[in-house]
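Below is one structure, written out as structure tokens; the observations come after it.
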2 protein chains.
Amino acid sequence: MRKTVSILGSTGSIGKQALNVITDLSDKFNLFGLAAGANIEVLKEQIIKYKPKVISVRDKKSAQELKKYFPGLEILFGKEGLEEIAGSSQNDIVLIAVSGTAGLYPTIAAINNNIDVALANKETLVSAGSLVMNLAKEKNVNIIPVDSEHSAIYQCISSKDKDFIRKLIITGSGGPFRTKHLNDMQYATVKQALAHPRWSMGSKITIDSATLMNKGLEVIEAHWLFNIDYKDINVVIHPQSIIHSAVEFLDGSVIAQMGVPSMHIPIQYALTYPQRCKGLKSETLNLVQISCLDFAEPDLNRFPCLKLAYQAGKSGQSYPTVLNALNEIAVEEFLSNKIKLTDIPNIVEEGLNKHTPVHATDLNEIISADEWGRNFAKDLINKYLVN
Amino acid sequence: MRKTVSILGSTGSIGKQALNVITDLSDKFNLFGLAAGANIEVLKEQIIKYKPKVISVRDKKSAQELKKYFPGLEILFGKEGLEEIAGSSQNDIVLIAVSGTAGLYPTIAAINNNIDVALANKETLVSAGSLVMNLAKEKNVNIIPVDSEHSAIYQCISSKDKDFIRKLIITGSGGPFRTKHLNDMQYATVKQALAHPRWSMGSKITIDSATLMNKGLEVIEAHWLFNIDYKDINVVIHPQSIIHSAVEFLDGSVIAQMGVPSMHIPIQYALTYPQRCKGLKSETLNLVQISCLDFAEPDLNRFPCLKLAYQAGKSGQSYPTVLNALNEIAVEEFLSNKIKLTDIPNIVEEGLNKHTPVHATDLNEIISADEWGRNFAKDLINKYLVN
């Protein structure tokens, strides 16, 4: 039976690859809705090529503009548009690939309507992990991670093994500054920070990879997805990005998921789950050709963001929400050449220190903690301005 | 609920470790029977320490001798003794850790009586894979492999993934001659061949590791256990023996099982399956400390046994049975210093070339093919005698 899929964030890196998966496996999927943000031109091409039943764009103006080109198409907009597509009973599964905290609302809308979620948006679980996972449990909805690390862990835990987990091992390439000195990182340009050695991704996540905040957010996400204590989640630097993560069980046995570094596999896995399919781009891993896999400890002195994320995670309450908000603003400011790369952890740390935590179990609390973090970071920028 | 276990081959390397597992997890297991071959002194100690309900020894004489020490104990002997213990309805699971084709009869006895088998004996499936697996399917009995490679593969295939396998990747350390020249191998002493770099095992399997026949037998065993074509089973040399084997699925995703090189984990896994338990010796894998994992293609020129095993496997019928029989005798002769290490593949190849295959689907055919191979190898020894 075909699955009906909606893709929120269809013009981003993950969204485009998801549309390729659906095209590759056209006998397995129907497309229902697409949603995009600023990239209206790409969305127009996608509408023509993939023929969605409904779309959603950022604002009313874009919706009206687009309506001129596609008068017969249902065109929604804003937060409500995302929620309406995600929550439609037409869907079997919704891919949440919008970036930032905007992913939270449609995720909740899908779960509330008993629709499985393929989750490519880290911030949803970092900001609102307790809320989202409790709701998913209550509604008996699958949250299938799309991040390569969490997809790896998800694939490593068979149903009979899920009660015997001892430890999660999250791997990371180490990013473009893995072997660089702290001095070089201090004066890193945006271009250098965006030059990721292994993965081709959006700019926000690529900067997070350069600071290792990405691994930190993944640790928090893994904590919620797999219900594992922070002390039992380890980060290991693995430059070749072949082992995408692993799970150690009580008996000392470790199950790892490996593959060529391509998002195609985890995206396809999430959409075809619980089945696996031969996709057009499912390359074979050649261990002999790769020849060697290396592992090292992350350097918390050069990458304090990872330490801060563990601290926020362990402190719980609204700290992870605030960590994420502070980081999102700091990364924006770095991408606008306003602050140095190494100021990102400074801004995050200062915000965490000043934050008065709340429980963060309902959506309003989470949103106000998120706003507090954003405002704090914005107010702080002057202190760090480069020029 | 406790499982009742019998251990056939209790004085060997696997058997001893299995008794440790049962002692470690004494709240999970009851011991029913033990069986041993020549090592009566160790068996006596085991009887005192582990208090089995029944034992079996090699022959009547040993049984009578032992009866003097343990007058109240039920003492069986020979092939029938092994079968009686293995087939007893007292058992929940039987560990078959006797070496050679002697493992075949009790395996069949256990399956016929609907008892799960933890299989540490390679020859059973190499010689009689079709027969044994068909019987296990008919009786709905689990054959849980104990070999580290097959245990790894077994652990990598979750029930929802079993129909989507593309390839098995069997790893091997490469043995003591991995980096040696063919000349050195020609003049290798028994002691050199027994000096395995990673695994502490019995002498037969250690010599098989030195010739890579061990990997060849594992390929054939994997073919039967997991019902995978020979062309889809790859052998990769991995000197650190951390990745114990892996499975590639249709979508390009590879699931691997890793751990410290210790038989404790696969033995415990087979006995506690489908659960996992914290054992006393379940060491943690430290990837950072290991630092690097290497992979290479096996060299079929220096290790022709691997090529011969693939050929025998692909040819099917009684060829694998004969391969195993020829190899067993050749290894014995090498261990007795009668032939050179590099004559093992010559003897196997000559036997395979001369063999007239039969279907090998019933036990009599298998046994006569096995005998043909043994006799052929014995007759051939004079040609290769060192002195």
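Largest first, please: the extent of the C-alpha atoms of the range A:248-292 along each principal axis, to the nearest Å.
36, 30, 14
With equal scatterers on the alpha carbons only and no solvent term, can you work out the Debye log10 of I(q)/I(0) for the range A:222-323 at 0.10, 0.18, 0.19, 0.25 1/Å?
-0.40, -1.14, -1.20, -1.33
What FRET efficiency comes out for B:Ser89 versus B:Asp27 if R0 is 22 angstrom and r is the Cβ-Cβ distance? Round to the nearest 0.05.
Efficiency, rounded to the nearest 0.05: 0.45.
So what does log10 I(q)/I(0) come out to for the protein assembly as shown at q = 0.04, 0.07, 0.08, 0.09 Å⁻¹, using the Debye formula with one equal point on every Cα and no solvent?
Treating every Cα as an identical point scatterer, log10 I(q)/I(0) equals -0.21, -0.59, -0.74, -0.88.
Excluding B:Ala97 itself, calculate the net charge of residues whose Cβ lies under 14 Å from the Cβ of B:Ala97, where each Lys or Arg counts +1 and each Asp or Glu counts -1.
Residues close to B:Ala97 contribute a combined charge of +1.
Assuming R0 = 51 Å, can you tell me the calculated FRET efficiency for the pair B:Thr361 and A:Leu182, based on Cβ-Cβ distance, to the nearest 0.05?
Calculated transfer efficiency: 0.15.
From the helices alone, meaning DSSP H stretches of at least four residues, give me the mean residue ellipticity at 222 nm for chain A, per-run term -39500 (n - 2.57), in deg cm²/dmol to the nearest 500.
The helix contribution divided over chain A gives -14500 deg cm²/dmol.
Run a plain Debye calculation on the range A:216-261 (Cα atoms as equal point scatterers, no solvent) and give log10 I(q)/I(0) at q = 0.19, 0.23, 0.27, 0.30 Å⁻¹, rounded to two decimals, same order as the q list.
Each listed q maps to, in turn, -0.69, -0.97, -1.17, -1.22.
Compute the semi-axes of the equivalent ellipsoid of the range A:316-387, taking the square root of 5 times each eigenvalue of the Cα gyration tensor, and list them largest first in whole Å.
Rounded to whole Å, the semi-axes are 23, 10, 9.
Taking only protein heavy atoms and a 1.4 Å probe, what accessible area per residue, in Å², does the range B:234-310 have with all protein chains in place?
On a per-residue basis, 30 Å².
Can you give me the % of accessible surface on the protein assembly as shown that is carbon or sulfur? Probe 1.4 Å, all protein chains present, nothing else counted.
48 percent
Give me the distance in nm between label points sitting 7 Å out from Cα along the Cα-to-Cβ direction at A:Asn113 and A:Lys231, one decimal.
Label at A:Asn113, label at A:Lys231, 4.3 nm between them.
Spin-label point model (7 Å from Cα, Cβ direction): what's the B:Ser203 to A:Leu335 distance in nm?
My value for the distance between the label points is 6.8 nm.
Per residue, how many Å² of accessible area does the range B:48-189 show with a 1.4 Å probe?
Per-residue value: 43 Å².
Report the calculated FRET efficiency for A:Asn375 and A:Val288 (r = Cβ-Cβ distance, R0 = 51 Å), to the nearest 0.05.
It comes to 0.45.
For the range B:141-189, I need the span (max minus min coordinate) of the C-alpha atoms along each principal axis, in Å, sorted largest to smallest.
Ordered largest first, the range B:141-189 gives principal extents of 49, 24, 12 Å.
Could you let me know the centre-to-centre spacing of the range B:40-114 and the range A:19-88, using Cα atoms, in angstrom?
Between the Cα centre of the range B:40-114 and that of the range A:19-88, the gap is 70 Å.
How much of the DSSP beta bridge set in chain B is antiparallel, as a percent to the nearest 5?
Roughly 25 percent of the DSSP beta bridges within chain B come out antiparallel.
Translational diffusion coefficient of the range B:261-387 at 37 °C, 0.692 mPa s, Stokes-Einstein with Kirkwood Rh over Cα pairs, in µm²/s as a whole number.
Diffusion coefficient, whole number: 188 µm²/s.
Near A:Leu31, within a Cβ-to-Cβ distance under 15 Å, what is the net charge of the other residues, with Lys and Arg +1 and Asp and Glu -1?
Local charge sum for A:Leu31: +2.
Work out, in µm²/s and without decimals, the Stokes-Einstein translational diffusion coefficient of chain A at 4 °C, 1.567 mPa s, Rh from Kirkwood over C-alpha pairs.
61 µm²/s
About the Cα centre of the protein assembly as shown, how large is the charge dipole given +1 on each Lys and Arg Cβ and -1 on each Asp and Glu Cβ? Please answer in debye to the nearest 20.
Approximately 240 debye in magnitude.
Note down the accessible area of B:Arg302, probe 1.4 Å, to the nearest 10 Å².
Accessible area, nearest 10 Å²: 50 Å².
B:Lys278 accessible area, nearest 10 Å², 1.4 Å probe?
So the heavy atoms of B:Lys278 present about 130 Å² to solvent.
What dipole magnitude, in Debye to the nearest 20, does chain A give about its Cα centre under +1 on Lys/Arg Cβ and -1 on Asp/Glu Cβ?
The calculated dipole for chain A is roughly 840 debye.
For the modelled label position 7 Å from the Cα of B:Glu74 along Cα-to-Cβ, which residues of the range B:29-44 have backbone nitrogen atoms closer than 14 Å?
Within reach of a label on B:Glu74, which here means backbone N under 14 Å from a point 7 Å along Cα→Cβ, the range B:29-44 contributes B:31-35.
So for the range A:10-97, considering every pair of alpha-carbon atoms, how many percent are separated by more than 21 Å?
In whole percent, the long-distance tail amounts to 22.
Leaving out ligands, DNA and RNA, calculate the buried accessible area for the pair B and A with a 1.4 Å probe, summed over both sides, in Å² to the nearest 100.
Buried area (both sides, nearest 100 Å²): 4000 Å².
Pairs B:Lys122/B:Lys162; A:Lys53/A:Lys122; A:Lys160/B:Lys215; A:Lys338/A:Lys383; A:Lys122/B:Lys160; B:Lys49/B:Lys79: which are spaced more than 20 Å apart, C-alpha to C-alpha?
From the list (B:Lys122/B:Lys162; A:Lys53/A:Lys122; A:Lys160/B:Lys215; A:Lys338/A:Lys383; A:Lys122/B:Lys160; B:Lys49/B:Lys79), the Cα-Cα distance tops 20 Å for B:Lys122/B:Lys162; A:Lys53/A:Lys122; A:Lys160/B:Lys215; A:Lys122/B:Lys160; B:Lys49/B:Lys79.
The values are calculated or read from the model by the stated rules, or taken from the named source; none is laboratory data. Please read all numbers here as calculations on a predicted model, not as lab measurements. For neighbour counting, all protein chains shown are included, and Cβ atoms are generated from backbone atoms with ideal geometry for every residue, glycine included. We work out accessible area using only protein heavy atoms, side chains counted, and drop any ligands, DNA or RNA first. Shrake-Rupley method; radii C 1.70, N 1.55, O 1.52, S 1.80 Å.
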